[in-house]
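> Quick one: this structure, given as structure tokens, is what I'll be asking you about.
The values are calculated or read from the model by the stated rules, or taken from the named source; none is laboratory data. Only a predicted model underlies this, so the values are computations on that prediction, with no experimental measurement involved. Heads up, the Cβs are rebuilt from the backbone with ideal geometry, glycines too, and the neighbour counts pull from every protein chain shown. In case anyone asks, the SASA skips ligands and DNA or RNA and just uses the protein heavy atoms, side chains included. Shrake-Rupley method; radii C 1.70, N 1.55, O 1.52, S 1.80 Å.
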Amino acid sequence: MNIHSEKILIIDFGSQTTQLIARRVREQKVYCEIHPYYTALAKIKELKPSGLILSGGPRSVYDTGAPKCDPGLFELDLPILGICYGAQLMVQEMGGVVEKAQKREFGKSVLDIKYYDGLFTGLDSNTDECQVWMSHGDRIEKLPDHFSVSAQSEHSPYAAIRHESRPLVGVQFHPEVAHTLIGTDVLRNFLFTLCKCRPLWTMGSFIDTTVDAIKQKVGSDQVICALSGGVDSAVTAALIHRAIGSQLTCIYVNNGLMRTNETASLLKFFAETTHLKVLDIDAVDYFLDELQGIVDPEIKRKKIGYGFIKIFEEEAKKLGNVKYLAQGTLYPDVIESVALDGGTVIKSHHNVGGLPDIMKLDLIEPLRELFKDEVRLLGLELGLPDEAVFRQPFPGPGLGIRIMGEVSRERLDILRQADVIVLEEMKKSGWYRKVWQSFAVLLPIQTVGVMGDERTYENVIALRCVDSLDAMTADWSKLPYELIGRISNRIINEVRGVNRVVLDVSSKPPSTIEWE
Ligand code: XMP
């Protein structure tokens, strides 16, 4: 069964929640892709979707220059769900009227359902949790011909609408957000009742299809993959290994800037449970020599990045006869995201590269269609250990950018010991998986302390713990005081050379997650 034989296309009008819509659809085991609103009609037809979802967006449909899809979309014989801006656009394009609302409707609202069919199949007048989440300044004032109202809210006489004979529906509220308690029912009804999709998109079926595709593409050629210790590269390697076995060689460059045991468990797993070839390259001396005397964060980053590429290239060359490079690029990096700002359309392709073009290798990116949470599920399905699958993100330049000032063996040693304590306590208390990242930073200053009867003059460790969904924004984690206290006590007592621990209470923006 081809898991892509049934797919939903999400047409993006620049909403903050477009990716969330995609994740909600995929949670229902239906494959979907996000495409920008200016995607040509011919391309949409070629993709043969089972249905379309028009996202919300920050503009007003009646503005000049407001983003519009090809009106031919509404003539296709396809189910369409318009969400907020998407619903308003459908109404306007089909002859109805959208105007500025007297009162903005923002936040929770209660839905009064008038039509228990279509999007509201399975709900009934006894459904007491008809709470929905609204966020709009415009509202539908007049429906196009052949449309009827399906639900109302206090400020939206047309909170949900439907075409009387065609599978065209629209909602003023956002079914994709958690505050819309009937959101999952609404999406499921669209997918399974209106689009007649089946729940085929599972990690098992993804593995089967992808393994076949990799086998076909690679044939008898050789593939290399850089293992960083992170989730994405580990899952990429495991998946490709399942497809082509010994034709894959992984290269792990130990740059001396890893956390204690950062990759040990992963390398052990690969060694013990698969026959994956891993070249474990010891380049510690090279990196630490390069970093000697360097304090500028950007120069540090460049030196580390350059060193990695140099060593990776040398090793790849030694292997000879390699045709493909495998990378763990994820879907959020390849979506042609739409950002609308004051009428200007900014089309931004994220940087999806990792290694330079000069390597002249063809890319294999088997995770290109997946979101991070799906990669984790895939990792578990492939048998990777929990510890590797639920690891917090770790930056490419490693501890090099968590030591303020010069990086030296001694300072790495201090930071590693403090960092182990942070991780141990976070894991023991169950907080490790609740936060986005938690780590220690070594500051370039010394402060006065007293230990026993002795005056000390030693290093300061900063504790950085953040909550985040995508690392674009973050807030400092509100850890329990006892946990913070325990971490601080242990670091000061157990790590020689540290006599003070401070807590970082900054959010991103304006700060960043890492200190350099
Ligand atoms: P910042 O510090 O910019 O970090 O708020 C955002 C997220 O990215 C990680 N990070 C990196 N990851 N190479 C990486 O692979 C890097 O050079 C790098 N710099 C920061 C950081 O840990 C956080 O999750």
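> State yes or no: is residue 469 at pLDDT below 95, within 16 Å of the ligand (Cβ to nearest atom) and not assigned by TED's automatic domain parsing to the domain that holds residue 301? Quick ask: steps written out before the conclusion?
Details: at pLDDT below 95: yes; within 16 Å of the ligand (Cβ to nearest atom): yes; not assigned by TED's automatic domain parsing to the domain that holds residue 301: yes.
Against the criterion (at pLDDT below 95, within 16 Å of the ligand (Cβ to nearest atom) and not assigned by TED's automatic domain parsing to the domain that holds residue 301), residue 469 qualifies.
> So residue 452 ticks every box in (1) of a type in the set (Gly, Ala, Ser); (2) within 16 Å of the ligand (Cβ to nearest atom); (3) open to solvent by 30 Å² or more (accessible area, probe 1.4 Å) but one. Which box is left unticked?
Only one criterion is unmet by residue 452, namely (2).
> Go through (1) without any contact (Cβ under 8 Å) to a residue 12 or more places away in the chain; (2) in a helix (DSSP H, G or I) one by one and return the number of the condition residue 430 breaks.
Failed condition: (2).
> Taking region 227-245, which residues are without any contact (Cβ under 8 Å) to a residue 60 or more places away in the chain and within 16 Å of the ligand (Cβ to nearest atom)? Can you show your working first?
Let us first name the residues in region 227-245 that are without any contact (Cβ under 8 Å) to a residue 60 or more places away in the chain, namely 227, 241, 243-245.
Of everything in region 227-245, just one residue is without any contact (Cβ under 8 Å) to a residue 60 or more places away in the chain and within 16 Å of the ligand (Cβ to nearest atom), namely 227.
> May I ask you to list the residues in region 361-407 that are open to solvent by 20 Å² or more (accessible area, probe 1.4 Å), of a type in the set (Gly, Ala, Ser) and outside the structural domain of residue 219 (by TED's automatic domain parsing)?
If the condition is that a residue be open to solvent by 20 Å² or more (accessible area, probe 1.4 Å), of a type in the set (Gly, Ala, Ser) and outside the structural domain of residue 219 (by TED's automatic domain parsing), then 396 is the only one that fits.
> Which residues, counting only those in region 434-449, are within 12 Å of the ligand (Cβ to nearest atom), part of a strand (DSSP E or B) and of a type in the set (Val, Ile, Thr)? Break it down stepwise before answering.
Let us first name the residues in region 434-449 that are within 12 Å of the ligand (Cβ to nearest atom), namely 435-439, 441.
This time we only want the ones that are part of a strand (DSSP E or B), so: 437-439, 441.
Answer for region 434-449, where residues must be within 12 Å of the ligand (Cβ to nearest atom), part of a strand (DSSP E or B) and of a type in the set (Val, Ile, Thr): just 441.
> Identify, please: which residue in region 94-136 is of a type in the set (S, T, N, Q) and open to solvent by 20 Å² or more (accessible area, probe 1.4 Å) and is, among those, farthest from residue 196 (Cα to Cα)?
Step one: of region 94-136, the residues of a type in the set (S, T, N, Q) are 102, 109, 121, 125-127, 131, 135.
Still in the list and also open to solvent by 20 Å² or more (accessible area, probe 1.4 Å): 102, 121, 125-127, 131, 135.
Working: 102: 38, 121: 14, 125: 25, 126: 26, 127: 24, 131: 26, 135: 29 Å.
Once the filter is applied, the top-ranked residue is 102.
> In region 483-516, which residue that is open to solvent by 70 Å² or more (accessible area, probe 1.4 Å) and closer than 20 Å to residue 393 by Cβ is nearest to the ligand (Cβ to nearest atom)?
512
> Now a separate question. Can you work out which of the residues in region 17-48 that are in contact with a Pro (Cβ under 8 Å, 6 or more places away or on another chain), open to solvent by 60 Å² or more (accessible area, probe 1.4 Å) and part of a loop (DSSP other than H, G, I, E, B) is farthest from residue 170 (Cα to Cα)?
So, considering only residues that are in contact with a Pro (Cβ under 8 Å, 6 or more places away or on another chain), open to solvent by 60 Å² or more (accessible area, probe 1.4 Å) and part of a loop (DSSP other than H, G, I, E, B), the one farthest from residue 170 (Cα to Cα) is 29.
> Let me spell it out: the conditions are (1) open to solvent by 10 Å² or more (accessible area, probe 1.4 Å); (2) aromatic (Phe, Trp, Tyr); (3) within 30 Å of residue 207 (Cβ to Cβ), and residue 62 meets all of them except one. Which number is the exception?
Residue 62 satisfies all of (1) open to solvent by 10 Å² or more (accessible area, probe 1.4 Å); (2) aromatic (Phe, Trp, Tyr); (3) within 30 Å of residue 207 (Cβ to Cβ) except (3).
> On to the next question. I'm trying to understand the selection: among the residues of region 377-398, which are of a type outside the set (Phe, Trp, Tyr), within 16 Å of the ligand (Cβ to nearest atom) and not in a helix (DSSP H, G or I)?
Within region 377-398, 391, 392, 393, 395, 396, 397 qualify.
> Check residue 302 against each of (1) open to solvent by 70 Å² or more (accessible area, probe 1.4 Å); (2) more than 17 Å from residue 362 (Cα to Cα); (3) more than 16 Å from the ligand (Cβ to nearest atom) and name the one condition it does not meet.
(3)
> Of the residues in region 76-103, how many are of a type outside the set (S, T, N, Q) and under 31 Å from the mean Cα position of the chain (by Cα)? Quick ask: steps written out before the conclusion?
If we filter region 76-103 for residues that are of a type outside the set (S, T, N, Q), which is where we start, we get 76-87, 89-91, 93-101, 103.
Next, only the ones that are under 31 Å from the mean Cα position of the chain (by Cα) stay: 78-87, 89-90.
Total meeting the criteria: 12.
> Given the structure, is residue 412 outside the structural domain of residue 255 (by TED's automatic domain parsing) and either within 30 Å of residue 371 (Cα to Cα) or open to solvent by 30 Å² or more (accessible area, probe 1.4 Å) (or both)? Steps first, answer last, please.
Working: outside the structural domain of residue 255 (by TED's automatic domain parsing): yes; either within 30 Å of residue 371 (Cα to Cα) or open to solvent by 30 Å² or more (accessible area, probe 1.4 Å) (or both): no.
In short, no.
> Output the number of the condition that residue 426 fails; it satisfies all remaining conditions of (1) open to solvent by 50 Å² or more (accessible area, probe 1.4 Å); (2) under 26 Å from residue 375 (Cα atoms); (3) more than 15 Å from the ligand (Cβ to nearest atom); (4) in contact with a Phe, Trp or Tyr (Cβ under 8 Å, 6 or more places away or on another chain).
The single condition residue 426 does not satisfy is (1).
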